[in-house]
1. Would you work out the relative contact order for the chain, in percent, from Cα pairs under 8 angstrom that are 6 or more residues apart?
2. If each residue of separation counts as 0.36 nm, what is the full-extension length gain between residue 61 and residue 22 once their alpha-carbon separation is subtracted?
3. Please arrange 162, 11, 43, 129 by how many other C-beta atoms lie within 10 Å of their C-beta, fewest to most.
4. Exposure proxy check: 180, 195, 62, 21 ranked by fewest other beta carbons within 10 Å?
5. Treating the angle as unsigned and between 0 and 90°, give the value, to the nearest 10°, between the Cα long axis of helix 160-170 and the longest Cα principal axis of the chain.
6. Within the chain, what percent of beta bridges assigned by DSSP are antiparallel, to the nearest 5?
7. Roughly how tilted is helix 66-77, in degrees to the nearest 10 and between 0 and 90, from the longest Cα axis of the chain?
8. Rounded to the nearest 5, what is the percent of antiparallel bridges among the DSSP beta bridges in region 2-77?
């Protein structure tokens, strides 16, 4: 199994993350998108006429695009259907979050890659759309936490929704989009980063250490002193 990969791509990172979590053996084939533009070469276009990474090749199968690859990996290597549920409701909700992830990539991801090339954004539409989406995600997570749910899909474990949405949210600061006003997102990000076999990329850091709990009696004593 070979993953045609650009190290700084959030879309590629999604696939690398799931490959790591599911412990799937694979080979990374680097594609120098910038500045090398290897994704525009005849050899790469033979794999993906769109000239985009990631591309996953497994025997005779060629899969193009992060979401398609995530779905196939889940169905192929996750027999418990944890990452892409079989039940109609959570499966549909999970697929809905893959659509949100596409919108995040179009807004945050595009702005981030534009700035990384030293170019300026033509207008504020990408960052405005990013904030609109982040507000919606933060509100969803806030209400989920009130119900006792930790994840985007109302299940006791993470799903592909986390894998698909996390990278662009985690990297949004590089697109000039601050997360300071989205506390539920920040708490969710720490939960994602504590998933077993979670892997990092440039710009994504380990989870924050849990905040120490102060005993109630100690707090009361200090407040009276």
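1. On the way: 276 pairs, mean separation 45.2, N = 225.
About 20 percent, as a whole number.
2. On the way: separation 39, 0.36 × 39 = 14.04 nm, distance 1.93 nm.
Computed gain between residue 61 and residue 22 is 12.1 nm.
3. Working: 162 25, 11 22, 43 7, 129 18.
Sorted ascending by nearby Cβ count, the order is 43, 129, 11, 162.
4. Working: 180 7, 195 17, 62 14, 21 21.
If I rank by nearby Cβ atoms, fewest first, I get 180, 62, 195, 21.
5. 80
6. Details: 7 of 11 bridges.
Bridges in the chain are about 65 percent antiparallel.
7. Approximately 80 degrees, to the nearest ten.
8. Details: 7 of 11 bridges.
Percentage antiparallel, nearest 5: 65.
Read-outs: derived from the displayed coordinates by stated rules, not from any lab. In this text, all values refer to a predicted model and were calculated from it rather than measured experimentally. When we count neighbours, we look across all protein chains shown, and the Cβ atoms used for this are built from the backbone with ideal geometry, even at glycine.
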